[in-house]
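The values are calculated or read from the model by the stated rules, or taken from the named source; none is laboratory data. All values derive from a computational prediction rather than experimental measurement. Counting neighbours? That spans all protein chains shown, and the Cβs are built from the backbone with ideal geometry, glycine included.
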Amino acid sequence: MLKALTRPLNEDLSALARFLRQRGVVHRIAEERGEQVVWVVDEASAQIVRSLYEQGMDALPQSGGDPRPPSPAAQFWRQAHRLIPVTLGVLVITAVVALLTSMGSDVRQVVMFTFTPLEPSGYLAEQPDMSQWWRLITPIFLHFGIMHLAFNALWYWELGRRIEMRSGGLWLLGLTLLIGLVSNTAQWLWSGNSSLFGGLSGVLYGLLGYCWLYQKLAPNVFFDLPRGVIIMMLAWLVLCMTGLITLLGFGAIANAAHVSGLVTGCLTGAAAGALQRQRQVQ
């Protein structure tokens, strides 16, 4: 999203917000560093906000227009394909792969997305085939069961859209590919060259770490995750590493993917947050 307007906290922007809602302009007014900041989705909307503000609050009509303006949620879903295309795209690909592989139960389809290809002997190769470079990423789309898929999809929706609305789709795509590459490779190495693993969870821990460290250095409304969420996710990571979850029959856990994803996300979040903080100081 783009910063359209910055005003003091004691200034009343309710008339502007009401007028923007009536006209269906997606926006958010947040308090940041002792100021009110009006965020919008694109430069065209930003120009509308600035133009309206320059006209003066008193010049804005107090009524009229659509008597029942769309709710913020309705406005968001109406423009979701423009606001968060990468988030939606990753979720759609994940759903398609889940259908193709029958939730990971159709082995003939699963081997199309594993880290290493299938050999003529009928076993997965021990080493990656660089001519099939996409396999370095595709395991993130594999899921083994409806709960595995639902949990990861919900968290990617929550974390992915925050990053995309703050930093843009290309940034989220780059993070997803980088963290996916690192977490898949780490899991393959840790598991003794076994390539039968999958899931978005390594990427999710990376996005969590990115938001967490970025927020520590350059606070903003998009990455402000509840502390309880971060504690819960880290506690789940530690619990999985103890092996208890596997012993209880919930299946093997890709701990190396989780840890490496988290570390990668924390490092990139710290770097990006430090750069943003430096810009704010200047």
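When Tyr156 is tested against (1) surrounded by fewer than 20 Cβ atoms within 10 Å (Cβ to Cβ); (2) closer than 21 Å to Val96 by Cβ, only condition (1) is not met. Pick from region 1-12 the residues that are closer than 30 Å to Leu172 by Cβ and not small (Gly, Ala, Ser): which of them is surrounded by the fewest Cβ atoms within 10 Å (Cβ to Cβ)? That would be Thr6. For the residues Val26, Val41, Val90, Val96, the requirement of being crowded, with 16+ Cβ neighbours inside 10 Å, in the same structural domain as Gly168 (by TED's automatic domain parsing) and at pLDDT 75 or above singles out Val90. Only residues that are modelled with pLDDT under 90 and either over 19 Å from Tyr156 (Cβ atoms) or over 15 Å from the mean Cα position of the chain (by Cα) (or both) were counted in region 214-224, giving 3.
One line per residue, one yes/no per condition, for (1) without any contact (Cβ under 8 Å) to a residue 60 or more places away in the chain; (2) touching a helix residue (DSSP H, G or I) at 6+ places or on another chain (Cβ under 7 Å); (3) crowded, with 21+ Cβ neighbours inside 10 Å; (4) at negative phi:
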| site | (1), (2), (3), (4) |
| --- | --- |
| Leu204 | yes, yes, yes, yes |
| Tyr210 | no, yes, yes, yes |
| Lys216 | yes, yes, no, yes |
| Phe223 | no, yes, yes, yes |
| Pro226 | yes, no, no, yes |
| Ile231 | yes, no, no, yes |
| Ala257 | no, yes, yes, yes |
| Thr264 | no, yes, yes, yes |
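Scanning region 13-23 for residues that are closer than 19 Å to Glu43 by Cα and surrounded by fewer than 15 Cβ atoms within 10 Å (Cβ to Cβ) yields a total of 1.
Taking the criterion of being in a loop (DSSP other than H, G, I, E, B) and of a type outside the set (Asp, Glu), the residues of region 1-36 that qualify are Met1, Leu9, Asn10, Leu13, Arg23, Gly24, Val25, Val26, Arg33, Gly34.
Filtering region 80-128 to residues that are polar (S, T, N, Q) and touching a strand residue (DSSP E or B) at 6+ places or on another chain (Cβ under 9 Å) leaves Thr114, Thr116. Going by what's in this entry, would Ser167 be described as under 11 Å from the mean Cα position of the chain (by Cα) and not charged (D, E, K, R)? Here the answer is yes, as Ser167 does meet what is asked. When restricted to residues that are among the polar types (S, T, N, Q) and more than 15 Å from Ala257 (Cα to Cα), region 175-231 contains 2.
When Leu149, Leu170 are checked against the criterion of being farther than 16 Å from Thr268 by Cα and part of a helix (DSSP H, G or I), a single residue qualifies: Leu149.
In region 183-213, the qualifying residues are those that are modelled with pLDDT under 95 and aromatic (Phe, Trp, Tyr), and the one that is farthest from the chain's Cα centre (by Cα) is Trp190.
Does region 143-159 contain at least one residue that is more than 30 Å from Phe223 (Cα to Cα), of a type in the set (Phe, Trp, Tyr) and assigned by TED's automatic domain parsing to the domain that holds Val259?
The answer is no, given that none of the residues of region 143-159 is more than 30 Å from Phe223 (Cα to Cα), of a type in the set (Phe, Trp, Tyr) and assigned by TED's automatic domain parsing to the domain that holds Val259.
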